[in-house]
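This report refers to the structure that appears directly beneath it.
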Amino acid sequence: MSQNRIKTLLEMIKFEHSVFALPFALTGALLAARAAHHGWPSWRQILWIVAAMVAARSAAMTINRIVDLRYDKENPRTRQRALATGALSVSFAWIFTLVAVVVFVLAAWQLNPLALKLAPLALLILFFYSFTKRFTNWSHLFLGFALGISPAAAWIAITGSLDPRMLILCAAVTLWVGGFDVFYACQDLEYDRSVDLFSVPKKFGIARALLIARVMHIGVVALLGWLAFSFVLPWPAWTGIAVVAALLAYEHSLVKADDLSKLDAAFFAVNGYISMLFLLFWGAAAAVWRI
């Protein structure tokens with residue numbers, strides 16, 4: 001595969017956006033190892049968790065581009081995407097998806113039997129999101145849930161079981177991703193109306209959509225507080241929650257109903273900082289945690 005094709009492929013699947021969910025998965029792995037085993041994840045476990053996360057997300061993004069090809073060709077915002085322009089072929093996209101699925105299943109197999117058994121369910125959840133905008137205004141939450149299962153998956157990868165408390169972090173990630181996807185959907189309001197696709201901005205208008213996103217993100221902060229309390233985590237976790245809350249507030253200050261010009265800054269930079277700083281502070285909390 002040529003260097004240009006690799007670059008085009010990574011751009012198509014927005015490879016750099018793996019940073020959004022991966023830190024939450026790694027946080028789940030840290031909490032699992034500390035709570036269940038009073039230790040730390042092995043480098044082997046971390047390697048296979050990262051491989052599983054990147055492979056699953058790459059497969060899901062490629063399926064999304066295949067399923068939405070018709071819309072990507074028509075939407076002025078997406079006409080330059082690789083499949084829409086023909087820079088990559090649909091057959092190549094299917095082959096890449098198959099390779100990514102194989103890597104994901106291999107990673108699950110290397111982790112433990114329960115991870116392997118649940119791998120098909122995880123893929124079903126990830127792929128199902130691509131169809132939701134055709135029948136529900138709340139596709140944003142389906143996307144959020146697709147990423148939100150990552151902390152629970154990481155807990156299972158470490159322990160071979162699931163602590164119900166990890167579902168709190170799953171819910172927090174679901175609302176976090178769902179909220180910023182509502183932001184993102186505001187850009188496509190007119191196009192969604194023209195082709196009868198569903199979204200929160202289309203249903204409620206941009207002003208109310210931004211309010212709904214704000215409520216979702218308030219819910220994120222509340223859920224993180226509940227999670228920290230349920231595990232009796234030390235002060236770095238609470239500092240991390242405060243940092244997340246401040247960054248979410250800043251993100252919302254960037255986007256106005258009559259001015260979406262700073263949306264890219266809100267979507268990419270701020271959310272990347274949120275996920276990385278969350279891992280940093282909660283990793284520190286795990287390090288000083290007296291279990």
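Please state which of the following conditions residue 93 fails to meet, knowing it meets all the rest: (1) at pLDDT below 95; (2) aliphatic (A, V, I, L, M); (3) touching a Pro at 6+ places or on another chain (Cβ under 8 Å).
So the condition that residue 93 fails would be (3).
So in the range 259-291, with the set limited to residues that are among the charged types (D, E, K, R) and either in contact with a Gly (Cβ under 9 Å, 6 or more places away or on another chain) or without any contact (Cβ under 8 Å) to a residue 40 or more places away in the chain (or both), which one is nearest to residue 37 (Cα to Cα)? Give the derivation first.
Residues of the range 259-291 that are among the charged types (D, E, K, R), as a first pass: 259, 262, 264, 290.
When the remaining residues are screened for being either in contact with a Gly (Cβ under 9 Å, 6 or more places away or on another chain) or without any contact (Cβ under 8 Å) to a residue 40 or more places away in the chain (or both), the result is 259, 262, 264.
Working: 259: 50, 262: 44, 264: 41 Å.
Among residues in the range 259-291 that are among the charged types (D, E, K, R) and either in contact with a Gly (Cβ under 9 Å, 6 or more places away or on another chain) or without any contact (Cβ under 8 Å) to a residue 40 or more places away in the chain (or both), the one nearest to residue 37 (Cα to Cα) is 264.
Take the residues in the range 63-90 that are surrounded by 15 or more Cβ atoms within 10 Å (Cβ to Cβ) and of a type in the set (Ser, Thr, Tyr); name whichever of them is farthest from residue 126 (Cα to Cα).
78
For the range 178-185, indicate whether the set of residues that are more than 19 Å from the chain's Cα centre (by Cα), closer than 27 Å to residue 131 by Cα and modelled with pLDDT under 95 is non-empty.
If we filter the range 178-185 for residues that are more than 19 Å from the chain's Cα centre (by Cα), which is where we start, we get none.
The answer is no; no qualifying residue exists.
Being modelled with pLDDT under 95 and either touching a Cys at 6+ places or on another chain (Cβ under 6 Å) or surrounded by fewer than 16 Cβ atoms within 10 Å (Cβ to Cβ) (or both) is the requirement here; does residue 250 meet it? Before you say what the answer is, go through the steps one by one.
Working: modelled with pLDDT under 95: yes; either touching a Cys at 6+ places or on another chain (Cβ under 6 Å) or surrounded by fewer than 16 Cβ atoms within 10 Å (Cβ to Cβ) (or both): yes.
Spelling it out, residue 250 is indeed modelled with pLDDT under 95 and either touching a Cys at 6+ places or on another chain (Cβ under 6 Å) or surrounded by fewer than 16 Cβ atoms within 10 Å (Cβ to Cβ) (or both).
Working only within the range 223-240, note down all residues that are within 21 Å of the chain's Cα centre (by Cα) and surrounded by fewer than 16 Cβ atoms within 10 Å (Cβ to Cβ). Please lay out each step first, then the result.
Residues of the range 223-240 that are within 21 Å of the chain's Cα centre (by Cα), as a first pass: 223-228, 237, 240.
The one that is within 21 Å of the chain's Cα centre (by Cα) and surrounded by fewer than 16 Cβ atoms within 10 Å (Cβ to Cβ): 226.
Among the listed residues 146, 157, 185, identify the single one that is hydrophobic (A, V, I, L, M, F, W, C), surrounded by 21 or more Cβ atoms within 10 Å (Cβ to Cβ) and in contact with an Asp or Glu (Cβ under 8 Å, 6 or more places away or on another chain). Steps first, please.
On the way: 146 fails: in contact with an Asp or Glu (Cβ under 8 Å, 6 or more places away or on another chain); 157 fails: in contact with an Asp or Glu (Cβ under 8 Å, 6 or more places away or on another chain).
Unique residue meeting the criteria: 185.
Can you pull out every residue in the range 126-143 that is buried (at least 17 other Cβ atoms within 10 Å of the Cβ) and assigned to a helix (DSSP H, G or I)?
Those that are buried (at least 17 other Cβ atoms within 10 Å of the Cβ) and assigned to a helix (DSSP H, G or I): 126, 127, 129, 130, 132, 139, 140, 141, 142, 143.
When you check residue 245 against the structure, is it surrounded by fewer than 20 Cβ atoms within 10 Å (Cβ to Cβ), closer than 28 Å to residue 131 by Cα and either at pLDDT 95 or above or not acidic (Asp, Glu) (or both), yes or no? Outline the logic, then answer.
On the way: surrounded by fewer than 20 Cβ atoms within 10 Å (Cβ to Cβ): yes; closer than 28 Å to residue 131 by Cα: no; either at pLDDT 95 or above or not acidic (Asp, Glu) (or both): yes.
In short, no.
Residues of the range 121-159 being closer than 17 Å to residue 66 by Cβ and either β-branched (Val, Ile, Thr) or free of Cβ contacts under 8 Å to residues at least 40 places away in the same chain (or both), which ones?
124, 128, 132, 143
Touching a Ser or Thr at 6+ places or on another chain (Cβ under 8 Å) and β-branched (Val, Ile, Thr): is that true of residue 95 in this structure? Give the derivation first.
Numbers: touching a Ser or Thr at 6+ places or on another chain (Cβ under 8 Å): no; β-branched (Val, Ile, Thr): yes.
When the stated conditions are applied, residue 95 does not pass them.
May I ask you to verify whether residue 151 is closer than 29 Å to residue 48 by Cα, surrounded by fewer than 16 Cβ atoms within 10 Å (Cβ to Cβ) and not charged (D, E, K, R)?
Values: closer than 29 Å to residue 48 by Cα: yes; surrounded by fewer than 16 Cβ atoms within 10 Å (Cβ to Cβ): no; not charged (D, E, K, R): yes.
Here the answer is no, as residue 151 does not meet what is asked.
Just checking, does the range 31-49 include any residue being surrounded by 15 or more Cβ atoms within 10 Å (Cβ to Cβ), under 26 Å from residue 181 (Cβ atoms) and over 16 Å from the mean Cα position of the chain (by Cα)? Steps first, answer last, please.
Step one: list which residues in the range 31-49 are surrounded by 15 or more Cβ atoms within 10 Å (Cβ to Cβ), which gives 31-36, 40-41, 45-46, 48-49.
Keeping just the survivors that are under 26 Å from residue 181 (Cβ atoms) gives 31, 49.
Retained after the next criterion (residues that are over 16 Å from the mean Cα position of the chain (by Cα)): 31.
Yes: one or more hits.
The values are calculated or read from the model by the stated rules, or taken from the named source; none is laboratory data. Predicted model, so just to flag it, every value in this text is computed and none were measured. Please note: Cβ atoms are built from the backbone with ideal geometry, for glycine as well, and neighbour counts cover all protein chains shown.
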